[in-house]
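Have a look at the structure below, then the notes.
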Amino acid sequence: MAAERIGYHGSDMFSHRTDWKLTPNRFTEAQQELRAAGMEVLDLTVSNPTRVGLAYDEEAIMQALIRPEALDYDPQPKGLRRAREAVAGYYREQHEEFDLDAESVILTTSTSEGYSYVFRLLCNPDDEILVPKPSYPLFEFLADLQDVKLAPYPLIYDHGWQIDFPSLYKAVTHRTRAVVVVHPNNPTGSYASAVEQKELNAFCREYNLSLIVDEVFLDYAHDGVARPTFARNPDALTFTLSGLSKISGLPQMKLAWVVASGPEEKVQAALARLEVIADTYLSMNAPIQWAVPVLLEQRKSIQPLLLDRLRTNLEELDRELTKQKASARLDVEGGWYAVLRVPVTQSDEDLAIDLLRKVAVLVHPGHFYDFASDGYLVLSLITPPEAFREGVRRVLGVLNG
């Protein structure tokens, strides 16, 4: 009764930023129906590396988590110096002996938390962030939670993916604060080229913007040629995000980081503010921080396994595609996904639901990643090879039917 008197009615109790549609969509409902019926589904969307049959060094990983030093509480806002030095060591070894200063590293529990820190650092309510399209749908929820608005800029496909710079310039407004670049993009697998990086820096300088660069898949170049990291970008204030989830195939260990680079005066001002944000939450736990050197070392054994898996599945996909003419694979440079261009006879969501119900194969419709039109399916290349082979055969059978 008291709630009625002061005007609270139902959802008015909650913030507008969480006013999401929480009912399952038709695609999710179709998955639930098949699971309830006990149907075995071939999942070609799997993104969890711990569940795709890879061999981890279990003893080394578990031993790293039981260091007695973890019993001491040492609240360092940026993260323990030892852990940040291990991150700097990763860049030094993996990326052209790049001598990263550990003081420019802020540890977080996830890249999502890293995004939240940077959005809070740069944006007032209703300020805008430019984000690529297509790309991963996580950005919408992160922006909602930080009271930030997203403005998309397109990636266009013409013998490979490219940033549409004329559209990027049209998208900027007086409320724009930063540009997100995913390097390589998820799911297109396209890296930002050296020419694009130069133009991005010029764009940011012209409009006084920051770069926010997601590099979680950076190490997974399909041709084996290492791509340069934005963590050493000197020409614009840049926040580079990465973490153990993809680098070492350890999403459950919950450790990521933000590296600040660019003009020195701007970097120092940003780090001072980020340190206060991090100090407010102190989210990192001690056992994981003490384990960072060992957990990062695991990349040397797990990345070759994942790269072999990616190449094996991509070759299998290409073999199957040569047997038909209805569908084609788009070029991919890196990352864990492949994009199929398919005939447009219905919406991508309807097609994905049909594939579930007709041949019990789960794929992602292109609209999940904000493709501009129908006619795209996204497949995970880390799927176990036997399941991938059979799943692709079934999918192409329906598409060619």
**OP:** Bin width 10 Å, alpha-carbon pairs only: give the P(r) of region 11-131 as whole percents, running from 0 to the bin holding the largest distance.
**Re:** 8, 18, 29, 24, 19, 1
Subject >> Ellipticity estimate at 222 nm from DSSP helix runs (n ≥ 4, -39,500 (n - 2.57)) divided over the chain, nearest 500 >> reply: -12500 deg cm²/dmol
**OP:** Note down the magnitude of the dipole of the chain about its Cα centre, charges +1 on Lys and Arg C-beta and -1 on Asp and Glu C-beta and zero elsewhere, to the nearest 20 debye.
**Re:** 520 debye
**OP:** Among ASN48, SER380, VAL359, flag the residue with its Cα farthest along the positive direction of the charge dipole of the chain, charges on Cβ as +1 for Lys/Arg and -1 for Asp/Glu.
**Re:** VAL359
**OP:** Once you've got the GNM for the chain with C-alpha springs shorter than 10 Å, pick whichever of GLU215, GLU315, GLU85 has the biggest mean-square fluctuation.
**Re:** GLU315
Subject >> Potential extension, HIS16-ALA326 segment - 0.36 nm per residue separation minus Cα distance >> reply: 107.2 nm
Original post:
Residue by residue through region 382-393, which ³J(HN,Hα) values in whole Hz follow from phi under the Karplus form 6.51 cos²θ - 1.76 cosθ + 1.60 (θ = phi - 60°), with glycine and proline marked x?
Top reply: 9, 4, x, x, 5, 5, 5, 4, 5, x, 4, 4
**OP:** Rank CYS123, ALA194, TYR91 by how far each Cα sits towards the positive end of the charge dipole of region 58-297 (+1 on Lys, Arg Cβ; -1 on Asp, Glu Cβ) and give me just the farthest.
**Re:** CYS123
Original post:
Quick one: what do you get for region 188-236 if you divide its Cα Rg by 2.2 N^0.38 Å?
Top reply: 1.22
Original post:
Expressed as a rounded percentage, what relative contact order does region 58-297 have, with Cα pairs under 8 Å and six or more residues apart?
Top reply: 27 percent
Original post:
For the chain, what does the equivalent ellipsoid look like in terms of its semi-axes, each the square root of 5 times an eigenvalue of the Cα gyration tensor, given largest first in whole Å?
Top reply: 34, 27, 24
Original post:
From the square roots a ≥ b ≥ c of the eigenvalues of the alpha-carbon gyration tensor of region 86-195, which class results: rounded (a/c under 1.5), prolate (a/b over b/c), or oblate?
Top reply: oblate
**OP:** Determine, at each q value in 0.11, 0.14 (inverse angstroms), the log₁₀ of I(q)/I(0) that the Debye formula gives when each Cα of region 58-297 is one equal point scatterer.
**Re:** -0.55, -0.89
**OP:** Tell me the label-point distance for the pair PHE165, LEU54, using the 7 Å Cα-to-Cβ offset, in nm and rounded to one decimal.
**Re:** 3.5 nm
**OP:** Pairs of Cα atoms under 8 Å, at least six residues apart: use those to get the relative contact order of the chain, whole percent.
**Re:** 23 percent
Subject >> Exposed chymotrypsin sites (Phe, Trp or Tyr not before Pro) absent - longest run of the chain, DSSP non-H/G/I/E/B, at most 14 other C-beta within 10 Å >> reply: 74-401
Original post:
Once you put a point 7 Å from the Cα of ASP223 and another 7 Å from the Cα of ASP350, both along the Cβ direction, what distance in nm separates them?
Top reply: 4.0 nm
**OP:** Count the net charge of all other residues whose Cβ sits under 10 Å from the Cβ of VAL181, scoring Lys and Arg as +1 and Asp and Glu as -1.
**Re:** -3
Original post:
Who wins for biggest fluctuation among SER248, SER347, SER110 in a Gaussian network model of the chain, springs between alpha carbons below 10 Å?
Top reply: SER347
Subject >> Proximal charge balance of ASN124 [Cβ under 12 Å; K/R count +1, D/E count -1] >> reply: 0
**OP:** Assuming a ≥ b ≥ c are the square roots of the Cα gyration tensor eigenvalues, decide whether region 173-305 counts as rounded (a/c under 1.5), prolate (otherwise, with a/b larger than b/c) or oblate.
**Re:** oblate
Original post:
Residues with amide H under 5 Å of ASN186's amide H, sequence separation 5 or more or different chain, H placed in the peptide plane at 1.01 Å from N; which?
Top reply: TYR136
Original post:
Which of these, GLY89, GLY160, GLY114, has the largest mean-square fluctuation under a Gaussian network model of the chain (Cα springs below 10 Å)?
Top reply: GLY160
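Read the figures in this text as sums done on the coordinates, not as results from a lab. Note that the structure is a prediction, hence the values are computed from the model and not measured. Positions of Cβ are backbone-derived with ideal geometry, glycine not excepted, and every protein chain shown enters the neighbour counts.
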